[in-house]
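Working notes, structure below.
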Amino acid sequence: MSEPLPPHAQVVIVGGGIVGCSVAYHLSKLGWCDVVLLEQGRLSGGTTWHAAGLVGQLRSHSSMTRLIRYSTELYASLEQETGLATGWKQCGSLTVARTSARMTLLRRTISMARSQGVAIEELSPREAGERWPPMRIDDLVGAVWLPGDGKANPADITQALAKGARAGGVRILEKTRVLAVENGSAERRIVTNRGEIACEVLCICAGQWSRELGRLVGVTIPLHSAEHMYVVTEPIAGVSPDLPVMRDPDGYIYFKEEVGGLVMGGFEPDAKPWGMDGIPADFEFQLLPDDWDQFEILMTKAIERVPALETAPIKLFLNGPESFTPDNNFILGAAPGAQNIYVAAGFNSMGIASAGGAGKALAEWIVEDEPTQDLWPVDIRRFASFNGNPTWLRDRVKEVLGLHYAMPWPNRELATARPFRRSPLYDRLAGKGAVFGSKMGWERPNFFAANEAERRIDYSFGRQNWFDAVVAEQRACREGAALFDMTSFAKLLMQGADAEAVLQRLCANDMAIPVGTSVYTGMLNRRGGYESDLTVARLAPDSFLLVTGTAQATRDADWIRRNMPEDARAVLTDVTSAYAVLALMGPRSRQVLAKVSRTSFANDVFPFSAIREIDIGYATALAMRRSYMGELGYELYVPTEFAATVYETLMEAGEGVGLRDAGYYAIEALRVEKAYRAWGRELSPEVTPWEAGLGFAAKLNKGDFIGRDALVEACKRPLRKRLIAFSGDEPQGSWAWGGELVLADGAPVGEITSAAYGATLGGLIALGWVHSTDDAIDQAWLDRRRFTIDVAGETIPVRASLRPFYDPDGLRMRG
């Protein structure tokens, strides 16, 4: 007889795949035993059971690499703990390159792996063939070997995690389907086919059913299913049990050994979405029909790599649906706008590798009521409600599945489901040669092409076709004037009698600023790390405008609301769509504005950090004197309906001084040249203001604020991790784009976070982290060492400084 449904549990987890069982297991390890896991069918019966089970540990973001490395450690130890085998085998993995571009990528991967402490080795085609005898090698350029990678049996891991969770007090109920969720003031009531259960915390780990379950509780979980196919062969000569996993991304395919034969699958460039009209609840341990037409491109490429496949008998064709997200990263964390609802879903064929670490991270988030590490690449708050549109998701997922093995070119843009969100100036800028990129759905000019023939992006790891155009845009900003459409900035309004008091609690800088001024600040977690960095402008005694990054609107608003006192007389409103933002930057920007406004822009009247309401031709707008480019400039916050008028007025006024349009590639280069930090690149929840060189924006003497205690303690310790500015000559081959290894006297010490070509300095500019194992890092420590950057195997000498190489005292933007 099945276990009865209890009336109450502290935590209810919905979904009994490998991820749900991992969350349950880790909650029990943290002492949370009043946990019930509900599975509508049987454990692992959705997607987990048919997953290929590959575990590749290296990711572009170091925190994601740490999650997977933990997974490998967990899978290796579970059998001893639970007595159940997991099928984990550290057989290593090979990734091969058919092209010189792919080999450049692999050499960049070696640099990144060394910066993250992951063992890796470059191999010749011959050496790769020795490790993988069934493979044809005459068309290969090279390969890399990662000895720490492996494979596992997904269903066995799930059962082992479930047994470990049960041993810790977790109750697991199969054949229990959630039908509805009723919200109460302090808890939720989960209605199932076997009765009802109340809980304080709901955790959605329901795989491809998660999107529909989220809708029951008003949570957007943007994922969509797609068909994923692989074949299993009969035994093949030369295939041994110790054969490594092998990936051939130029052919879109992967291989692993299974009972003397091969599992071969892949990620075709044009995927096949599934489940557009919903997924049956009884789709348990089921597969979709064979589709050899869809699989043909993978089979053709596989025969090229392993000729024996042309005659090897196929034992099984497996076509199982898996869920994918709009950006190919899984979804994790506390759902925005909801109390005590957590999500782990949409694992994009990476669920087995990620499940151990993701389950641990989410369990810690639940227990601590905040993430314990940097999870931004997978944070559910990187999406907004509009990302749940099913038509948009269907069109996007066709491209996303293929991203697994598509060349991850620098600045690569997704092509599907666009345009999505558009500034009121979109058509005008498009008519002037803008080449657009996309961020948080916004179409944003990356650069302006000189002619129609150049209106494209020719991807490469070296100089791309837009180089000259962007250099010209940088020089316009440094020497004359440039106009940037930055409408995509997230804009939040904090209003109310307690607005200042709330912001003093949330922000590290002093918010008791005069009306008509602005301040740069961080919002920190209890560990003193950055939850966000933003600009706050005081519009009135009880009104503040918060300007933050394009991708951070949902995240920042959610963090603020969660940390506002319940009785605070203040309200937060997202006003992003109410204002276009035009950034007029450069030494002649004041001259341009003076032609179209009666406002005085004299330095003593309109100083740096001031914000004023001004007239611009027929329009009225807010002008804030700040700059992300390091030059004299003004950010103009224009009511959306006046955006076109203001743009035309400024462009006409700027004709005599060479005002030109400029895009985000120029912004990136200008801000790196000025050593300005960016959240998600240099700043993260694991970085303090002291380490980032932003101590000026953390006022310990203003009173208490979130993170203050941690900063006080950090002051007592030597700074052995610091953000450094680098400058050097332009590399001859591949360019630096971020993720490169930093070496001091030939030894690895850090990683580049941002890099570009600085037109003013005339060479490579970069920001990156440097770590010391002994003394505190100061300028003298840097000066005693010879720094280099590994750019795809090319060693580039660089200078290192704690201060910007360009205008270190910030005189140009204050002049």
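A short reminder: the numbers here are calculations on the coordinates, not readings from a lab. A quick note: this is a predicted structure, and the numbers were derived from the prediction, not measured. Here the Cβ is made from the backbone with ideal geometry for all residues, glycine too, and neighbour counts use every protein chain on show.
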### Message
As an exercise, use a Förster radius of 22 Å and the Cβ-Cβ distance of residue 715 and residue 568 to find the FRET efficiency, rounded to the nearest 0.05.
### Response
0.15
### Query
Given the Cα-Cα distance of residue 85 and residue 127 and 0.36 nm per residue of separation, how much length would full extension add, in nm?
11.9 nm
### Query
Any idea how far the Cα center of the range 758-781 sits from the one of the range 237-262, in Å?
42 Å
### Task
For the chain, give the magnitude of the charge dipole about the Cα centre (Cβ charges: +1 Lys/Arg, -1 Asp/Glu; no others), in debye to the nearest 20.
1360 debye
### Query
Using the Cα gyration tensor of the range 84-131, with a ≥ b ≥ c the square roots of its eigenvalues, what is the shape: rounded (a/c below 1.5), prolate (a/b larger than b/c) or oblate (neither)?
oblate
### Task
Output the relative contact order of the chain, whole-number percent, from Cα pairs under 8 angstrom with separation of 6+ residues.
12 percent
### Query
With r defined as the distance between the Cβ atoms of residue 395 and residue 291 and R0 fixed at 25 Å, what FRET efficiency is calculated, to the nearest 0.05?
0.80
### Query
Rounded, prolate or oblate: which fits the range 387-453, taking a ≥ b ≥ c as square roots of the Cα gyration tensor eigenvalues, rounded meaning a/c under 1.5, else prolate when a/b beats b/c?
oblate
### Query
Alpha carbon centre of the range 517-591 versus the range 676-731: separation in Å?
19 Å
### Task
Report, in deg cm²/dmol and to the nearest 500, the calculated mean residue ellipticity at 222 nm for the chain, where each DSSP H run with n ≥ 4 adds -39500 (n - 2.57) and the sum is divided by the residue count.
-7500 deg cm²/dmol
#### Entry: Hits among aspartates and glutamates - C-alpha to C-alpha of residue 272 under 17 Å, sequence gap 8 or more where chains match
227, 290, 291, 293, 296, 322, 327, 395, 399
#### Entry: Which listed pairs, of 163/360; 360/439; 175/398; 151/175; 398/439, have C-alpha distances above 21 Å, in listed order
360/439; 175/398; 151/175
#### Entry: Span from the the range 604-631 Cα centroid across to the the range 72-138 one, whole angstrom
54 Å
### Task
Give the shape of the range 639-791 as rounded, prolate or oblate, defined through the alpha-carbon gyration tensor: a ≥ b ≥ c are the square roots of its eigenvalues, a/c under 1.5 means rounded, and otherwise the shape is prolate if a/b is larger than b/c and oblate if not.
oblate
### Query
Can you work out the base-10 log of I(q)/I(0) for the chain at q = 0.05, 0.09, 0.11 1/Å, using the Debye formula on its C-alpha atoms alone?
-0.27, -0.93, -1.37
### Message
Suppose a student asked you for the relative contact order of the range 1-87, using Cα pairs under 8 Å spaced at least 6 residues apart; what percent would you report?
### Response
21 percent
### Message
On a straight-distance basis, which lysines could pair with residue 702 in a cross-link, Cα separation under 30 angstrom, same-chain partners fewer than 8 positions away excluded?
### Response
491, 674, 716, 721
